[in-house]
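Comments concern the structure below.
The values are calculated or read from the model by the stated rules, or taken from the named source; none is laboratory data. Just so it is clear, the structure is predicted and the values come from calculations on it, not from any experiment. Counting neighbours? That spans all protein chains shown, and the Cβs are built from the backbone with ideal geometry, glycine included.
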């Protein structure tokens, strides 16, 4: 009954309080420790006939939550090591305890980086005795109370080193009534607290800023003064322009399986050339597309040859600079109408011209 009550009290204490992380530091921390543990009764007791070889080295890992700078809770796992002795029945005892712990921790900071601590909690242990090298084996589990004290030093805002002492009571094996023990532990712990301390904001004298052209960029950063108030601007206060794109559908005719443009198709190409001559900054990409008949690889190559034929006419016949003209075949990958019906084939077998850079217009708010 006592053990269950202690569990309930400790679990209730872990409920989320209205804790806040001070100075940007997280309330969460993790750590681990190593130390020496001494079980009682053991070789220092008169009830023991002789001692075996102890393995008193203990270790633990834990996670903690700080409700404030002075009070927190810890949950962890502890292994208290093992001890050996020969009792008066001439039998070797090999005993060890390990398990989960849950407890409360209090801190008292002093000096600049030092602090004292006290703790109390419950150790949900498994205790075992490999008696006579395992010929007789006893084990049981239970909940043992513990208390402790320590002194710590903050190496950094996040790292803390502590020297710890803990006392465990009632480490008993109640199932067979073979063990009634206590324990003393001394060790070192290193913990890491998450987060970082917030740096105080520097005090800056108020600066008077002006924006003469009301474009949202202050005059000291504005590289384009007197920008129209209706224009969107970049970070330098200059008008953002958009480049328009025009599309031409060229009714280019070819013989079956041929990439030679027929003479009666030149009118559309001439209109494209005239447009580019009146827009000297424009560039054009000739796109060739095929219908969904025949092999895809062949259609891809044929569409590219047909696009190249139109591009060559623009350059060779109408004098458009080669640097302003490019061509690419898309085969059957970009159909206007899905399928291979007569209507779909007529629509998909086409030449398109995409003209960019024809005109720059300001982007308006």
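Restricting 116, 104 to residues that are in a strand (DSSP E or B), surrounded by fewer than 20 Cβ atoms within 10 Å (Cβ to Cβ) and in contact (Cβ under 8 Å) with a residue 40 or more places away in the chain narrows the list to 104. In the set (1) in contact with a helix residue (DSSP H, G or I) (Cβ under 6 Å, 6 or more places away or on another chain); (2) assigned to a loop (DSSP other than H, G, I, E, B), residue 248 fails one condition alone, (2).
Being assigned by TED's automatic domain parsing to the domain that holds residue 167, surrounded by 18 or more Cβ atoms within 10 Å (Cβ to Cβ) and more than 24 Å from residue 39 (Cβ to Cβ) is a property that residue 66 has.
Within the range 168-178, the set of residues being touching a strand residue (DSSP E or B) at 6+ places or on another chain (Cβ under 7 Å) and loosely packed, with under 14 Cβ neighbours inside 10 Å comprises 169, 174, 175, 176.
Taking the condition at pLDDT below 95 and either surrounded by 13 or more Cβ atoms within 10 Å (Cβ to Cβ) or in contact with a helix residue (DSSP H, G or I) (Cβ under 7 Å, 6 or more places away or on another chain) (or both), does residue 55 pass? So residue 55 fits the description; yes. Each residue in the range 310-350 was checked for being under 17 Å from residue 283 (Cβ atoms) and in a strand (DSSP E or B), and 4 of them qualify.
Residues checked against (1) surrounded by fewer than 17 Cβ atoms within 10 Å (Cβ to Cβ); (2) in the same structural domain as residue 57 (by TED's automatic domain parsing); (3) outside any strand (DSSP E or B); (4) without any contact (Cβ under 8 Å) to a residue 12 or more places away in the chain:
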site: 96; (1), (2), (3), (4): no, yes, no, no
site: 100; (1), (2), (3), (4): yes, yes, no, no
site: 120; (1), (2), (3), (4): yes, yes, no, no
site: 130; (1), (2), (3), (4): no, yes, no, no
site: 133; (1), (2), (3), (4): yes, yes, yes, no
site: 144; (1), (2), (3), (4): no, yes, no, no
site: 153; (1), (2), (3), (4): yes, yes, no, no
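Is one or more of the residues making up the range 230-246 without any contact (Cβ under 8 Å) to a residue 12 or more places away in the chain and either within 48 Å of the chain's Cα centre (by Cα) or buried (at least 17 other Cβ atoms within 10 Å of the Cβ) (or both)? Checking the range 230-246: at least one residue is without any contact (Cβ under 8 Å) to a residue 12 or more places away in the chain and either within 48 Å of the chain's Cα centre (by Cα) or buried (at least 17 other Cβ atoms within 10 Å of the Cβ) (or both). Checked against the criteria, residue 193 does not count as without any contact (Cβ under 8 Å) to a residue 24 or more places away in the chain and in a strand (DSSP E or B).
Evaluate the range 265-278: report whether one residue or more is modelled with pLDDT of 85 or more, over 24 Å from residue 320 (Cα atoms) and surrounded by 15 or more Cβ atoms within 10 Å (Cβ to Cβ). No; the residues of the range 265-278 include none that is modelled with pLDDT of 85 or more, over 24 Å from residue 320 (Cα atoms) and surrounded by 15 or more Cβ atoms within 10 Å (Cβ to Cβ).
Of the candidates 338, 304, 283, the single residue that is under 50 Å from the mean Cα position of the chain (by Cα) and within 30 Å of residue 227 (Cβ to Cβ) is 283.
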